[in-house]
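Structure record follows, encoded as structure tokens.
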Amino acid sequence: MDFNEFFYLINLTVYAFLIGSLLLGLHRKIMAKIQLRPGPPIIQYLLHTLKFYFKEITFPITAGNPLYIFMPILQIIVWLSALILAVKLESSLLIIIGLYVLQKIVEHGCGLSSGSPYGKLGGVRSVFSAAAEIPLFAVVSTVYIVTNSLIISDIVSYQQIHGPLILKLPISAFAFFILLVSKAPNSPFGIVKGKDIVSGYLTEHFGLLAGLIYIGDAIAYFVLLWLFIAIFLGISNIFLALPFMILITFIISIINGLTPLLAPHHSVMLQITIAIVVLLDLLHRVIFL
Amino acid sequence: MIDGGIFGIVPFGDIIFKYSMFSTIGFVIAITFTILVYLTKPEKQLEAQKFGEDKLIDIPLHELKNRRYMAIVCGIATAGAMLTQDIFDFALFLTLVGIANIGIVSAVKREHVLNASFQYGLTSIIATLPLFGASALILAKTGTLSILELHHLNKNLLFEKILYGLGMAGETGVAPYYAAKAEMFRAPGSPYILMIHLSSLLLIVRTVEILLTI
Amino acid sequence: MDIEKKVGIVCLIIGMLSFILMFITNGLISYLFYILFVPNILYGVGIFIVPKTRRKKLGKIPFRGY
Amino acid sequence: MPYITYLGERMDLFYFNLTIISFIFGNFVGLEYSYRYPPYHEKRIDKFALISSILGGFLLLTPLYIIGAFFIGFPLGMRSGYGRIEFLIGLSIFVILYLIRWWYVTG
């Protein structure tokens with residue numbers, strides 16, 4: 001890699017982080033407005049990240065090192081690789097889904113390595129909500145059957161000829177959208193980070209480590225929104241995708257602001273229902289098309 | 001195009017390893033986690049007591065060694081399953097992962113964990129039937145088990161694919177069967193349990209790739 | 001030197017190494033080094049910026065009932 | 001490398017990042033500034049924020065857009081109850097001017 005490419009990568013990372021944090025801040029503001037609260041300014045997420053980044057840490061005596069320290073680093077590694085593989089290289093969708101699955105490992109690992117009962121409970125709930133991944137694979141298969149390729153650049157160029165996929169695969173788009181909703185903070189499916197278990201898997205990761213996880217979360221939000229826009233709307237340019245990102249954040253925050261946190265079993269049952277619908281859609285496409 | 005470009009193919013006689021972008025990333029992840037889990041000391045759990053201070057639970061060494069060995073076996077099996085290009089080999093790796101998963105938690109001296117492990121074991125034993133059955137059906141229908149070959153034969157394998165997927169789901173203990181895994185997660189003192197989930201999640205992604213390819 | 005700082009130094013070394021290796025290598029491997037570089041440098045730099053912990057007993061967090 | 005014809009010139013990622021950072025900095029300064037006043041005055045329009053917002057709306061269309069982002073971020077970042085109307089005025093000025101220019105260039 002030469003210096004120009006390195007400069008571009010750094011810029012891309014900073015861009016993803018800043019846009020992701022601003023969108024998450026906007027998300028919080030809109031949710032507050034829906035609930036008739038004034039709400040924090042939209043740079044609140046960024047301020048939180050900075051605040052946590054400059055705070056003292058100490059490893060709990062119950063923690064299992066080095067897994068405990070590796071988990072926040074892994075969070076950034078996972079989403080940076082997703083950013084590079086998706087936005088820069090426009091590589092295979094399946095690899096990015098695999099990386100998304102590693103996000104689950106971060107949740108499990110944080111829960112397992114800290115030794116805190118709250119963290120462990122968050123991890124257990126994360127295992128429960130593994131049902132959220134099944135529609136994802138069905139979505140990938142459906143996209144493959146329609147476009148005959150899983151490389152993102154191929155999918156985007158397919159849509160430039162045939163029109164956006166959201167019109168052809170509305171059920172898959174809906175399933176992916178539910179995934180976006182469940183990834184956003186305060187979502188009805190956010191049983192892993194529910195406030196009834198303090199902060200779920202994040203409980204024992206405080207200070208600097210929490211700052212790192214926040215950075216990873218911001219990049220994750222950006223990447224997932226970009227994926228949705230690229231796969232289902234066919235816009236892969238990161239500047240042109242920006243208005244759509246704001247629009248999707250609006251819709252997500254309206255949903256999240258109006259719905260309560262579901263009980264774990266309800267959340268899982270709802271996700272399994274969606275999975276069954278998407279699988280039926282896939283089966284229908286395999287047999288009849 | 002599914003796996004984003006092939007770097008190379010390594011044939012060991014009958015066994016063929018393929019290094020594509022997807023499988024290399026999966027392989028690296030599996031190996032990294034195996035090393036990490038080997039290095040990690042187990043966490044201690046803090047149990048609230050009725051009277052007096054909280055109690056730290058320590059795990060004895062002999063219990064720990066067994067589990068660590070099983071976790072490493074699980075990691076290596078996952079790494080192998082990422083690379084292999086043979087449906088039968090992949091099924092064997094899957095069953096090996098299933099065995100190792102039971103082994104990881106079977107040394108825990110807690111009743112509910114052992115119960116969950118027992119149920120998971122039953123599921124994975126039952127799931128070998130559709131898994132190997134599907135492999136046999138594919139062999140009978142097409143005459144080959146190599147994924148690279150099956151990619152070029154355009155045969156309708158829908159029923160076999162569904163059977164294979166069901167077998168994989170039972171073996172890794174996801175979706176319809178995952179209730180036992182959440183109980184296994186609660187075993188004290190273990191980064192090793194991470195390997196259970198890592199292997200199952202990676203194997204699901206790999207299975208999806210295989211099912212899309214053939 | 002406490003264990004947090006030690007991990008920080010290890011992370012800094014990994015980060016520096018991957019920074020150098022990133023420019024030597026090409027293709028996917030260089031991206032791998034970039035991915036390793038960012039979080040390790042973030043942690044390694046951050047650990048030397050954060051204030052020294054003021055807890056008397058290290059590792060015992062007030063939240064846990066201590 | 002992706003770009004948008006935003007100012008008639010090629011705009012690359014680095015300058016866009018600078019714009020965002022300047023915007024965030026403007027938000028921060030606005031937040032700091034508005035904490036001098038008592039909380040939640042809905043009817044009141046802050047002159048300073050209004051001037052800054054209009055200036056920002058104009059400057060966003062010139063080569064000085066990085067400073068423009070700072071000025072338009074200033075009213076948006078103010079604490080709740082402040083700066084809403086000012087920001088909307090600035091934003092509408094920017095949108096109207098942008099549309100006029102777009103219409104002028106294309107038609």
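At-a-glance table
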quantity: Pick from the range A:136-183, criterion touching a residue at least 24 places away in the same chain (Cβ under 8 Å) and among the polar types (S, T, N, Q), ranking: farthest from A:Ile95 (Cα to Cα); calculated: A:Gln160
quantity: Selected residue (criterion: surrounded by the fewest Cβ atoms within 10 Å (Cβ to Cβ)) from residues of the range A:83-96 that are in a helix (DSSP H, G or I) and out of contact with any Phe, Trp or Tyr (no Cβ under 7 Å at 6 or more places or on another chain); calculated: A:Lys88
quantity: Only listed residue being assigned to a helix (DSSP H, G or I) and at pLDDT 85 or above, chosen from A:Val127, A:Val101, A:Val146; calculated: A:Val146
quantity: Matching option when the condition is farther than 30 Å from D:Tyr15 by Cβ, surrounded by 20 or more Cβ atoms within 10 Å (Cβ to Cβ) and at pLDDT below 90, among A:Pro60, A:Pro41; calculated: A:Pro60
quantity: Residue satisfying all of: in the range D:78-107; surrounded by fewer than 16 Cβ atoms within 10 Å (Cβ to Cβ) and of a type in the set (Ser, Thr, Tyr); modelled with the highest pLDDT among these; calculated: D:Ser92
quantity: Pairs where the first residue, in the range A:256-268, is at negative phi and touching a residue at least 24 places away in the same chain (Cβ under 8 Å) and the second is of a type in the set (Ser, Thr, Tyr) and in a helix (DSSP H, G or I), C-beta under 8 Å, 6+ apart; calculated: A:Pro264/A:Ser129; A:Ser267/A:Ser129; A:Val268/A:Ser129
quantity: Only listed residue being within 30 Å of A:Pro135 (Cα to Cα) and not hydroxyl-bearing (Ser, Thr, Tyr), chosen from A:Ala82, A:Ala63; calculated: A:Ala82
quantity: Members of the range B:101-114 that are surrounded by fewer than 23 Cβ atoms within 10 Å (Cβ to Cβ), at pLDDT 80 or above and within 12 Å of B:Tyr192 (Cβ to Cβ); calculated: B:Gly103
quantity: Pair list, Cβ < 7 Å and 6+ apart or interchain, from the range A:122-135 residues that are facing chain B (nearest Cβ under 7 Å) to residues that are of a type in the set (Lys, Arg); calculated: A:Val124/B:Arg186; A:Val127/B:Lys181; A:Ala130/A:Lys104
quantity: Residues that are over 14 Å from A:Ile76 (Cα atoms) and of a type in the set (A, V, I, L, M), drawn from the range A:14-28; calculated: A:Leu18, A:Ile19, A:Leu22, A:Leu23, A:Leu24, A:Leu26
quantity: Pair list, Cβ < 6 Å and 6+ apart or interchain, from the range A:28-42 residues that are at the interface with another protein chain (Cβ under 9 Å from one of its Cβ atoms) to residues that are polar (S, T, N, Q) and buried (at least 17 other Cβ atoms within 10 Å of the Cβ); calculated: A:Pro38/D:Ser80
quantity: The range A:97-113 - residue that is in contact with a Phe, Trp or Tyr (Cβ under 7 Å, 6 or more places away or on another chain) and more than 7 Å from every other protein chain (Cβ to nearest Cβ) and, of those, nearest to B:Val205 (Cα to Cα); calculated: A:Glu107
quantity: Enumeration of residues in the range C:1-17 that are within 11 Å of chain A (Cβ to nearest Cβ) and either more than 17 Å from A:Asn65 (Cβ to Cβ) or of a type in the set (S, T, N, Q) (or both); calculated: C:Gly15
quantity: Residue among D:Ile24, D:Ile67, D:Ile54 that is crowded, with 16+ Cβ neighbours inside 10 Å, within 14 Å of another protein chain (Cβ to nearest Cβ) and either aliphatic (A, V, I, L, M) or in a strand (DSSP E or B) (or both); calculated: D:Ile24
quantity: Verdict on B:Ala180 being more than 9 Å from every other protein chain (Cβ to nearest Cβ) and at pLDDT below 75; calculated: yes
quantity: Residue in the range C:30-51 that is under 13 Å from the mean Cα position of the chain (by Cα), free of Cβ contacts under 8 Å to residues at least 60 places away in the same chain, more than 8 Å from chain A (Cβ to nearest Cβ) and more than 26 Å from A:Ile84 (Cα to Cα) present; calculated: yes
quantity: Among residues of the range A:190-230, those that are at positive phi and away from chain C (no Cβ under 13 Å), counted; calculated: 1
quantity: Residue within the range B:175-183 that is in contact with a Leu (Cβ under 8 Å, 6 or more places away or on another chain), surrounded by fewer than 21 Cβ atoms within 10 Å (Cβ to Cβ) and more than 25 Å from B:Ile16 (Cα to Cα) present; calculated: no
quantity: Scan of the range B:100-122 for residues that are within 20 Å of B:Ile72 (Cβ to Cβ) and charged (D, E, K, R), ordered by number; calculated: none
quantity: Any hit, the range A:175-185, residues being part of a loop (DSSP other than H, G, I, E, B), away from chain C (no Cβ under 14 Å) and under 29 Å from A:Phe137 (Cβ atoms); calculated: yes
quantity: Qualifying positions in the range A:107-123 - among the aliphatic types (A, V, I, L, M) and surrounded by 24 or more Cβ atoms within 10 Å (Cβ to Cβ); calculated: A:Leu112
quantity: Selection count where residues are part of a helix (DSSP H, G or I), polar (S, T, N, Q) and modelled with pLDDT under 85, scope the range B:34-88; calculated: 1
quantity: Every residue from the range B:107-124 that is of a type in the set (A, V, I, L, M), touching a residue at least 24 places away in the same chain (Cβ under 8 Å) and in a helix (DSSP H, G or I); calculated: B:Val113, B:Ala116
quantity: Matching residues, the range A:43-78, being within 7 Å of another protein chain (Cβ to nearest Cβ) and of a type outside the set (A, V, I, L, M); calculated: A:Tyr53, A:Phe54, A:Lys55, A:Glu56, A:Thr58, A:Phe59, A:Pro60, A:Thr62, A:Gly64, A:Asn65, A:Pro66, A:Phe70
quantity: The range B:1-34, residues that are closer than 17 Å to A:Val78 by Cβ, more than 7 Å from every other protein chain (Cβ to nearest Cβ) and without any contact (Cβ under 8 Å) to a residue 12 or more places away in the chain; calculated: B:Val28, B:Thr32
quantity: Residue list for the range A:129-167, filter: over 23 Å from the mean Cα position of the chain (by Cα), farther than 21 Å from B:Ile214 by Cα and buried (at least 20 other Cβ atoms within 10 Å of the Cβ); calculated: A:Gln159
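The values are calculated or read from the model by the stated rules, or taken from the named source; none is laboratory data. The model shown is predicted, which means the values in this text are computed figures rather than measured ones. Neighbour counts are summed over all protein chains in view; Cβ atoms, including those assigned to glycine, are modelled from backbone coordinates with ideal geometry.
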